[in-house]
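Reading through the structure tokens given below for one structure.
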Amino acid sequence: MAGTGKAHLSDDGDVLLRVEDLVVEFPVGRTGLVVNAVSGISLDVRTGETLGLVGESGCGKSTTGRAIMQLPRPTSGSVTFEGRQLTTMSTSDMREARTRMQMIFQDPISSLNPRRKVRDIVMEPLNIWKRGTAPERGDVVDRTLEEVGIDPMRAAESQPHQFSGGQCQRISIARSLVLDPSLIICDEPVSALDVSVQAQVLNLLEDLKARHGLTLMFIAHDLAVVKNISDRVAVMYLGKLCEVAPSDELYRIPAHPYTNVLLASIPVPDPSAQPAAVVEVIGEPPSPVLPPAGCRFHPRCSNAQDRCRQEEPQLRSIGPGHFVACHFPVHDGTEAVAVRAPVSSN
Ligand code: SF4
């Protein structure tokens, strides 16, 4: 299957993670059909940066995160992390590589073993990999728990259900940190939390990133959340990349019609604010079992023309670090392009 191009990949050598032509398909029973969850995407994450990966539910962003971790291994494509190819690595080497690339999940409570004490949960990775002596492991765990704002004494006596959702996410972060990873993939880490707690956890992630020299991939459906934490943002739609840009640029001059729609859906806390003119989105997302030909967004795009139905757009540069996969972008990097009237969906 055709990809959406690699023009956006960096060639400066300071890349911690590189994904090329990643495909993830899941069989639909015994029908012979497959769910095209991820369809040939390429992206890279530079050392020390935070890459936001956004899109609506079902676009394949979480599947991409799991495929990078080889959970499960992707259908095809390559994933290179710290210079090592993960997709062809043996299972035992892959287990070891995962100590350097950790993942935190959307539901912090269900990601923690409910029967174990919290301190033991955070200690477990160190025990499995036999890092240091028992007292040294204890010191690492207590120090890390304090770093994320959890009292080690309470953690030694309590199980996850005795903590709030925000505290459980802090515990998950502590567990991901104890093995001293270089990359953390955060899969919707604040989506299940109250708004006030979301801000605290985001600030914590930023502090830890600076203190530990981490690189983050931040997966979310909420662009408002991603904006504040990301250096660059990649937008996904139906298993493909639509747009990649520095965070400020993407929010200031979004070029892809779908990015425009996503940004327009962010509520503005000002009753007098005039809504910006944006491309209208039509209908519901198509099935990933039978995705549309050409541009996958064309059945819903009010800018769509014949070319969009026949030719898949490739990612191309429209400005420094700004790439878009669209034949008729809303912004071409220099000036706004007129938004067309909505067309019928049939
Ligand atoms: Fe819309 Fe065409 Fe651009 Fe796809 S390629 S987003 S259908 S204008």
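At-a-glance table
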{"item": "Test: ARG115 is more than 28 Å from SER196 (Cβ to Cβ), among the basic types (Lys, Arg) and in contact (Cβ under 8 Å) with a residue 24 or more places away in the chain", "result": "yes"}
{"item": "Segment 301-315: number of residues that are more than 8 Å from the ligand (Cβ to nearest atom) and closer than 17 Å to MET236 by Cα", "result": "3"}
{"item": "Qualifying helices (runs of 4 or more DSSP H) (wholly inside segment 136-238; at least 3 residues being of a type in the set (A, V, I, L, M) and over 30 Å from GLU284 (Cβ atoms))", "result": "152-157, 165-177, 195-212"}
{"item": "Verdict on ILE253 being among the β-branched types (Val, Ile, Thr), away from the ligand (no atom under 13 Å from the Cβ) and surrounded by 14 or more Cβ atoms within 10 Å (Cβ to Cβ)", "result": "yes"}
{"item": "Sole exception among (1) crowded, with 24+ Cβ neighbours inside 10 Å; (2) within 13 Å of the ligand (Cβ to nearest atom); (3) at pLDDT below 95 for LYS240, by number", "result": "(3)"}
{"item": "Checklist (1) within 16 Å of the ligand (Cβ to nearest atom); (2) buried (at least 18 other Cβ atoms within 10 Å of the Cβ); (3) in contact (Cβ under 8 Å) with a residue 12 or more places away in the chain applied to PRO286, failing item", "result": "(2)"}
{"item": "Unique residue being modelled with pLDDT of 95 or more and under 26 Å from ASP222 (Cα atoms) when the list is THR47, THR4", "result": "THR47"}
{"item": "Residues satisfying the stated conditions in segment 53-65, i.e. buried (at least 19 other Cβ atoms within 10 Å of the Cβ) and either out of contact with any strand residue (DSSP E or B) (no Cβ under 7 Å at 6 or more places or on another chain) or on the phi > 0 side of the Ramachandran plot (or both)", "result": "GLY55, GLY60"}
{"item": "Residue within segment 220-231 that is free of Cβ contacts under 8 Å to residues at least 24 places away in the same chain, acidic (Asp, Glu) and more than 14 Å from the ligand (Cβ to nearest atom) present", "result": "no"}
{"item": "Extreme residue, surrounded by the fewest Cβ atoms within 10 Å (Cβ to Cβ), among residues of segment 290-300 that are closer than 18 Å to GLY58 by Cα and more than 6 Å from the ligand (Cβ to nearest atom)", "result": "LEU290"}
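Here is a yes/no grid of residues against (1) out of contact with any strand residue (DSSP E or B) (no Cβ under 7 Å at 6 or more places or on another chain); (2) of a type in the set (D, E, K, R); (3) buried (at least 19 other Cβ atoms within 10 Å of the Cβ); (4) more than 23 Å from LYS227 (Cβ to Cβ):
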position	(1), (2), (3), (4)
HIS8	no, no, yes, no
GLY13	yes, no, no, yes
VAL19	no, no, yes, no
ASN36	no, no, yes, yes
GLY40	no, no, yes, yes
ASP44	no, yes, yes, no
GLY48	no, no, no, no
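The values are calculated or read from the model by the stated rules, or taken from the named source; none is laboratory data. Small disclaimer: the values here were computed from a predicted structure and weren't measured. FYI the Cβ positions are ideal-geometry reconstructions off the backbone, even for glycines, and counts take in every protein chain you see.
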